[in-house]
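Asker: I am attaching a structure below and will ask some questions about it afterwards.
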Amino acid sequence: MNLAYRDIRHNAGRFVLTCVGLGMLLGVVLAMFGIYRGMVVDALTLVRAPQADLWIVEADRRGPFAESSRIPGDTREAIERVHGVTAAGSVTYQSVDIVRAGGRLRFQIIGYEPGRPGGPATLLTGRALARNHFEMIADRSTGLMPGDTLMVGRNRFSIVGVTAGQVTSSGDPVAYVSLLDSQELQFELAPAASRIETARGVSGGGKDTVNAVVARLIDNVRPEDVAQSVRRWKHLTALTQAEQETILTGSVVQRARQQIGLFTSILLAVSAVIIALIIYTMTMDKIREIATLKLIGAPDRTIIGMIVQQAVALGLSGFLLGVALISSVKDYFPRRVVLQPEDGIVLAAIVLVVCLIASGLGVRLALSVDPAKALGG
Amino acid sequence: MESVSNSDALVELRKISKHFGEGDTRVDALREVSISVFPGEIVGLVGPSGSGKSTLLNVIACILEPSSGWMRLDQDVVYDSRWLKSDLRKLRLDKIGFIFQFHNLLPFLNTTENVAMVLELSGASSSEARRRAIELLDYLGVGNRKNAMPATVSGGEAQRVSIARAMANRPRIILADEPTAALDSQRAGTVMDLMSRVAKEQHAAILVVSHDEKIFNRFNRIFHLRDGYLESSETINQPR
C-alpha cells in the first residue's frame, strides 16, 4: 500500500496548488536557462548569418561586435586577392531608433554588397536586394512586411524581403540594406551640419569606410593560415569564424551569463528552501499519524518512504508543470527563449537532489516523533 | 529478577518501576508494579491523573523503557532490567493491538485500507490484506462503511474500525487508551461489548486505561493505581 500516494490523493487540492506554485518557480528557473541560451543563439545568429570563414577588421580590434572597427572600403578588393579566398564582402553595422506608427522601432541595420557575402542567408518571404538604393530586408520581428515603406534618416526604404530570427545579441531585430545606403546613413551629414563642416574647411569625403570584410575560403584551406596572411597588413586584423564566435559568447554575453547564472542560483536556493519548508510542513501536519504508525509497528522505512516519495512527487510534478508552463509561454517573451533538453535534464536532476535533501528535514522530524504521542488523546 | 512466572498470563509484570529525572527532580511514575492479565480478560487500569496508568500502558506497549523490573508479553520475556528484544516495533506489530481515544485512523486511508495496512506491514499480500480487513469490518458490524473515509464515519463506527485494526494481526494483547471517552453511553456500551467479544473469541487479553466509570462494570478486573503504586486489584466479574 503506497501511503504517499494515498495521502496525496486525500489532499489532492492542496498538493496540486503547492505543485503549481513550485512549478511557477521552477518555470522561472527554466526561463532563465532559456533566456541565456536565447541570448547566445541571438548573438551567434548575427555572426553566423554571412556564412563567413574569416572576419577582417581594424588592426588590434575585436570588432565589429565587441568593439568598433573602421577600415577602408577598398579592403574587400585586397582581401579577394588573397590566396584561399573565394568571395568577400564589405559590411557595416549600426543601430537606429526611429519613430514609426506612433511608437519607437529600434533595430540594427546591416549594410552589405548585394551578391557578395554579408547578406541574409535565407528569406522567409519576398526577394533579395535588387537595387543599390532604398530597398530593405527586415526581420519579421520588426513587424514590417514586403511592400511597407520606412523612413530612415532622410531616405524612405521599401521593404522587399523578410527574414526570420535575425536579431542582435541584445535582442534588437536586424534589417539589411545595401552598403551604399548604409554608408550614407552612417556618414552623410544633415544639410545644416554639412554646411558647418564646409565652412570649417573640412572635406565631406571619406564615406567609403566599412566596419568589416567577411570572406569565404576554399574548402581545404585552413582559416588560420589565411588569417595569418591578412595580418601581415599592419592596419588589419583577421579573426576566424570560431574566434569571432568565442568573442561573442565569451565576452559580449559573458556578463549577461554571470548575471543570469547568479540570479538562477538564487532562484534555485529559494526553491530549495521552499521545497524543504513544504516537506517539513507536510510532515508536521502528519505528526499524529506518524506516531500512530510507529506505535502500531510500522518500520522506519515505511515512514521515510512516505516522506521521500511525497517530496520527489512534489518536486517532479512541480518541475513538469514548470516545463509545461514555460513551454507554453516562451514565445510571448520579448526576447528569444531557447529550451534545450539538456537544461531540462540538469534542472530535473537538481530538483531531485534538492527534494531528497529537503526531505531529510521531514525525515529527521518524523524519526524523532515519539510513538507515545498517539496515546493519551 | 525472578524467572518463575505465571505461564498462563499473556501480560505479566514483576516489580516494574519507572522514574524520571534524578535527585531533587526525580519523579517515580511507577513503583514496583506487578500485574498479570490472562487470555479472555478485560482489565481496567484506573486511577487519578498522575497515578501512573499512562506510564504503565506505555511500558506494556514497549515504547517506554522501565527503570527496573521484569515483563513478559505472550510467551516472550521482553524486559529483564533491560530490553531483551532488539526490534520492539516488530514485537508491537505482531503481538499488540492498539485502540485509541480518538481512534487515530489514518485520515488518508479508507476504513478498509486502515485495517489492511497493518496486515500489509506484517507481510500479507494486498488482496489477502483487503479480504481479511473486510472480514473484520463485517465481524464488527461496519462492513457497510468499508469504502468510507474516516472523516465521514461516526465516532462509534470509527472506534469499531479502530478495533478491527487492532485485531488485524490477531494479537493476543490489546491495549486501549480511553476507548470510550469520546463516545456517548450507548456507543460506549457497544464498544465494550465488542471488546468483550474479541477478548472471549480471540482469547486475547485487553488492558483498558479509562476514567469512564460507566464502563467499570464491564471489566473482569480493575487495577487501581495511585502515585505509581498498584493500590488494589478488584475482581468485578470472571470471564465466562
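Here, each number is a calculation from the coordinates, and none is a lab measurement. Predicted, not measured: the structure shown is a model, and the values here were computed from it. Don't worry about glycine lacking a Cβ; one is built from the backbone with ideal geometry, like all the others, and counts go over all protein chains shown.
Asker: Determine, from the Cβ-Cβ distance of residue A:265 and residue B:170 and an R0 of 60 Å, the FRET efficiency 1/(1 + (r/R0)^6), rounded to the nearest 0.05. It would help to have the intermediate numbers written out before the result.
Answerer: Values: r = 56 Å, r/R0 = 0.94.
Calculated value: 0.60.
Asker: Continuing with this model, one more query. Helix B:155-167 sits at what angle to the longest principal axis of chain B, using alpha carbons and giving 0 to 90 degrees rounded to 10?
Answerer: On a 0 to 90 degree scale, this one is about 70.
Asker: Name the trypsin sites (Lys or Arg not before Pro) in region A:233-308 that are in a loop by DSSP and that have at most 13 other C-beta atoms within 10 Å, would you? Before the final figure, lay out the partial values.
Answerer: Details: sites: A:234, A:255, A:257, A:286, A:288, A:294, A:301; in loops: A:234, A:286.
Loop-located and lightly packed - A:234.
Asker: How would you classify region A:60-234 from its alpha-carbon gyration tensor, with a ≥ b ≥ c the square roots of the eigenvalues: rounded for a/c under 1.5, else prolate if a/b is greater than b/c, otherwise oblate?
Answerer: On the way: a/c = 2.02, a/b = 1.22, b/c = 1.65.
In terms of gyration-tensor shape, oblate.
Asker: Can you count the Lys pairs in region B:11-235 whose Cα atoms are under 17 Å apart, with each pair 8 or more apart or on different chains? Working shown, then result.
Answerer: On the way: B:15/B:53; B:18/B:53; B:85/B:95; B:95/B:200.
Count of close lysine pairs: 4.
Asker: Apply the Karplus curve 6.51 cos²θ - 1.76 cosθ + 1.60, θ = phi - 60°, to the phi angles in region A:129-143 and return the couplings in whole Hz, x for Gly and Pro.
Answerer: My calculation for region A:129-143 gives 5, 10, 10, 7, 9, 6, 10, 9, 10, 10, 6, 5, 6, 6, x Hz in order.
Asker: Report relative contact order for region A:60-234 in percent, whole number only (criteria: Cα-Cα under 8 Å, sequence separation at least 6).
Answerer: It comes to 30 percent, rounded to a whole number.
Asker: Next up: Taking Cα atoms, how many degrees apart are the long axis of helix A:287-296 and the longest axis of chain A, rounded to 10 and kept between 0 and 90?
Answerer: 50 degrees
Asker: Give me, ordered by chain and number, the residues 5 or more places off residue A:210 or on other chains with an amide H under 5 Å from its own placed amide H.
Answerer: A:71, A:73
Asker: Per-residue mean of other chain beta-carbon atoms within 10 angstrom of the beta-carbon, peptide B:52-61? Please report the intermediate quantities before stating the final value.
Answerer: Values: counts 0, 0, 3, 1, 0, 3, 6, 0, 0, 6.
Going residue by residue through B:52-61 and averaging, the value is 2.
Asker: Rg over Rh of region B:67-153, using C-alpha atoms and the Kirkwood radius, what does it come to?
Answerer: Values: Rg = 16.1 Å, Rh = 14.8 Å.
So for region B:67-153, dividing Rg by the Kirkwood Rh gives 1.09.
Asker: If amide hydrogens are placed 1.01 Å from N in the peptide plane, which non-local residues have theirs closer than 5 Å to the one on residue B:9?
Answerer: Under 5 Å from the amide H of residue B:9 lies no amide H from a residue far enough along the sequence or on another chain.
Asker: Roughly what angle does helix B:111-121 make with the longest principal axis of chain B, taking Cα atoms, 0 to 90 degrees, to the nearest 10?
Answerer: Orientation of helix B:111-121: about 60 degrees from the principal axis.
Asker: Pull up all non-local amide H partners of residue B:231: gap of 5 or more, or a different chain, and H-to-H distance under 5 Å with H placed in the peptide plane.
Answerer: Placed amide hydrogens put B:224, B:225, B:226 under 5 Å from residue B:231.
Asker: Would you mind calculating the relative contact order of chain A from Cα pairs under 8 angstrom and at least 6 residues apart, reporting the percent as a whole number? Show your work: numbers first, answer last.
Answerer: Numbers: 671 pairs, mean separation 106.2, N = 377.
Relative contact order comes out at 28 percent.
Asker: Less than 12 Å apart at the alpha-carbon level, and either on another chain or at least 8 residues along: which aspartates and glutamates does that give for residue A:286?
Answerer: A:7
Asker: Once you've got the GNM for chain A with C-alpha springs shorter than 10 Å, pick whichever of A:173, A:191, A:64 has the biggest mean-square fluctuation.
Answerer: Largest GNM mean-square fluctuation: A:191.
Asker: Counting Lys and Arg as +1 and Asp and Glu as -1, what is the net charge of the other residues whose Cβ lies under 12 Å from the Cβ of residue A:157? Walk me through the numbers on the way to the answer.
Answerer: On the way: positive: A:100, A:131, A:154, A:156; negative: A:135, A:148, A:181, A:184.
Around residue A:157, the surrounding residues sum to 0.
Asker: Once you have all Cα-Cα distances for the protein assembly as shown, histogram them in 10 Å bins from zero and send the whole-percent values.
Answerer: 3, 13, 17, 13, 9, 7, 7, 7, 8, 8, 5, 1, 0
Asker: May I ask you to evaluate 6.51 cos²θ - 1.76 cosθ + 1.60, the Karplus curve with θ = phi - 60°, for each residue of region A:28-37 and list the ³J(HN,Hα) values in order in whole Hz, giving x for glycine and proline?
Answerer: Listing the rounded values in order: 5, 4, 5, 4, 5, 4, x, 5, 5, 4 Hz.
Asker: Can you grab the distance from the C-alpha centre of region A:80-127 to the C-alpha centre of region B:170-214, Å, no decimals?
Answerer: Value for the Cα centre distance between the two parts: 90 Å.
Asker: Count charges around residue A:214 for me, please; just the other residues with Cβ under 12 Å from its Cβ, Lys/Arg as +1, Asp/Glu as -1. Walk me through the numbers on the way to the answer.
Answerer: Working: positive: A:48, A:76, A:116, A:216; negative: A:53, A:80, A:113.
Surrounding charge for residue A:214 is +1.
Asker: Same structure again: Rounded to the nearest 0.05, what FRET efficiency do residue A:300 and residue A:16 give with R0 = 25 Å and r taken as the Cβ-Cβ distance? Could you check? List each step's numbers first, then the result.
Answerer: Values: r = 29 Å, r/R0 = 1.16.
E between residue A:300 and residue A:16, to the nearest 0.05, is 0.30.
Asker: Rounded, prolate or oblate: pick one for region B:106-210, where a ≥ b ≥ c are the square roots of the eigenvalues of its C-alpha gyration tensor, a/c under 1.5 means rounded, and failing that, prolate if a/b is larger than b/c, else oblate. If you can, show how the numbers build up before the last one.
Answerer: Numbers: a/c = 1.82, a/b = 1.23, b/c = 1.49.
Since a/c reaches 1.5 but b/c is at least a/b, the shape of region B:106-210 is classed as oblate.
Asker: Taking N as the number of residues in region B:5-158, what value does Rg over Cα atoms divided by 2.2 N^0.38 Å take?
Answerer: Values: Rg = 18.3 Å, N = 154, 2.2 N^0.38 = 14.9 Å.
Compared with the compact-globule rule of thumb, region B:5-158 sits at 1.23.
Asker: Related question: Find out how many positive minus negative residues lie around residue B:124, taking Lys and Arg as positive, Asp and Glu as negative, among other residues whose Cβ is under 12 Å from that of residue B:124.
Answerer: On the way: positive: B:130, B:131, B:132, B:170; negative: B:120, B:128.
Here the count lands on +2.
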